[in-house]
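Notes to accompany the following structure.
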Amino acid sequence: MEIPNSWNPSSKEWSPREVTRTVGLSVVVSLAVIGIWTSYYTVAPEEEAVVLRLGAFVESAPPGLHFKLPFGIDRAIKVPVTEVRKVEFGYRTIEAGRRTTYAQRGGDDATLMLTGDLNIAAVEWVAQYKIKDARAWLFNVLDPEETIRDTGEAVMRAVVGDHTVTELLTDQREQIAQQVEVKLQTLLDRYGTGVQIVTVKLQNALPPGRVQAAFDEVNAAQQEREQLEDEAEKEYNKLIPEARGAAKREVAEAEGYAIDRVNRAKGDVARFVALVEVYTLSPEVTRQRLFLETMERVLPKVKSIVVASEDGVLKMLPIAGSSGAK
């Protein structure tokens with residue numbers, strides 16, 4: 001059978017040349033379309049692209065429109081670098097904002113930790129992070145999320161082991177979280193994970209269920225002790241200043257009395273010395289004056305005076321200003 005060299009419209013058949021031309025044209029058009037389609041890519045604002053050429057790293061591309069070699073020679077892997085992710089320890093969030101299920105006490109080994117005072121506490125916490133180096137995130141670590149989980153658990157256990165259970169459950173929670181954040185970031189940078197820790201937050205820190213009742217009793221006793229200490233401190237602050245004030249007042253009065261006595265003694269001595277000098281100059285006159293001055297001080301205090309005359313007759317003399325004198 002002879003194959004026609006050209007297409008016969010009446011027979012509706014293609015010649016081999018036309019078939020070859022049509023197929024070739026279709027292949028060229030398909031390759032052109034595929035080449036154009038695979039020669040560019042778009043990076044979203046929250047992403048960073050890592051470009052691989054035949055499997056080897058070429059560059060990191062920022063957000064925007066970029067071109068690459070087509071037909072799979074270049075491959076762009078997009079990584080969400082602004083997304084804040086989280087790793088939960090001791091609990092799992094089922095639905096954000098509505099339902100959260102916590103690991104059963106004692107059922108999750110990741111929550112049970114030994115404190116510095118040899119107590120056991122169930123610690124539930126979360127680490128939030130984002131990718132700061134897309135290339136390191138993709139190629140430096142086989143499983144970055146598992147690395148973050150294992151490293152975070154190790155760091156938390158180390159930090160909790162440096163604190164008492166009271167510090168963990170009460171006033172040192174924020175300090176512990178900050179220490180874990182710093183140490184976890186240091187280790188992840190050393191491993192080259194390309195991760196930036198945003199925050200570390202302790203959700204719950206409670207003793208295991210089997211010792212919860214005993215711990216509550218101990219905690220209540222500690223709170224009672226603190227209350228009594230506060231009351232004692234308040235009473236101390238009230239009584240001690242009063243006692244110190246009274247003591248200072250007594251000392252001041254004693255010092256004043258001592259100064260008064262010394263001054264009085266000095267005055268008496270000065271008066272006696274002056275009197276001796278005067279007495280030396282005029283003994284008789286001085287003696288008479290001293291007698292009169294003494295009588296002037298004594299007689300007003302006397303209610304009656306008995307005067308013996310030379311003839312032996314006793315007379316009663318009233319003293320002026322004395323009521324009822326005889």
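The values are calculated or read from the model by the stated rules, or taken from the named source; none is laboratory data. This structure is a prediction, so every number in the text was calculated from the model and none was measured. Note that we place each Cβ from the backbone using ideal geometry, even for glycine, and neighbour counts take in every protein chain shown. With ligands, DNA and RNA removed, areas are computed over all heavy atoms of the protein, side chains included. Shrake-Rupley method; radii C 1.70, N 1.55, O 1.52, S 1.80 Å.
The table below lists the values:
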| read-out | value |
| --- | --- |
| Rounded Å value of the spacing that divides the Cα centres of the stretch 35-70 and the stretch 231-304 | 107 Å |
| Estimated vicinal HN-Hα couplings, Hz - the stretch 284-295 in sequence order (Karplus 6.51, -1.76, 1.60; Gly, Pro = x) | 5, 5, 5, 5, 5, 5, 4, 5, 5, 5, 5, 5 |
| HN-Hα J in Hz across the stretch 272-283 - Karplus 6.51, -1.76, 1.60, θ = phi - 60°, x for Gly and Pro | 5, 4, 5, 5, 5, 5, 5, 4, 5, 6, 9, x |
| Selected from Pro144, Leu169, Met156, residue furthest toward positive end of dipole (the stretch 125-195; charges at beta carbon) | Pro144 |
| Qualifying GluC sites (Glu not before Pro) in the stretch 29-79, DSSP loop, other Cβ atoms within 10 Å at most 16 | Glu46 |
| Computed magnitude of the charge dipole of the stretch 105-211 (debye, nearest 20; Cβ of K, R +1, Cβ of D, E -1) | 160 debye |
| With DNA, RNA and ligands ignored, accessible area of Asp268 (1.4 Å probe; Å², nearest 10) | 80 Å² |
| Calculated from backbone phi, Karplus (6.51, -1.76, 1.60) coupling profile of the stretch 241-247 in Hz, x at Gly/Pro | x, 5, 5, 5, x, 4, 5 |
| Heavy-atom SASA rank of Leu281, Leu138 (probe 1.4 Å, accessible area, largest first) | Leu281, Leu138 |
| Rounded percent of accessible protein surface that carbon and sulfur make up, the stretch 261-305, 1.4 Å probe | 65 percent |
| Heavy-atom accessible area order for Trp37, Trp125, Trp137, largest first, 1.4 Å probe | Trp37, Trp137, Trp125 |
| Val198 long-range amide H proximity, modeled H, under 5 Å | Gln128, Tyr129, Lys130 |
| Overall form of the stretch 114-181 per C-alpha gyration tensor (a/c, 1.5; a/b vs b/c) | prolate |
| For Leu69, residues with placed amide H under 5 Å, excluding near neighbours | Asp74 |
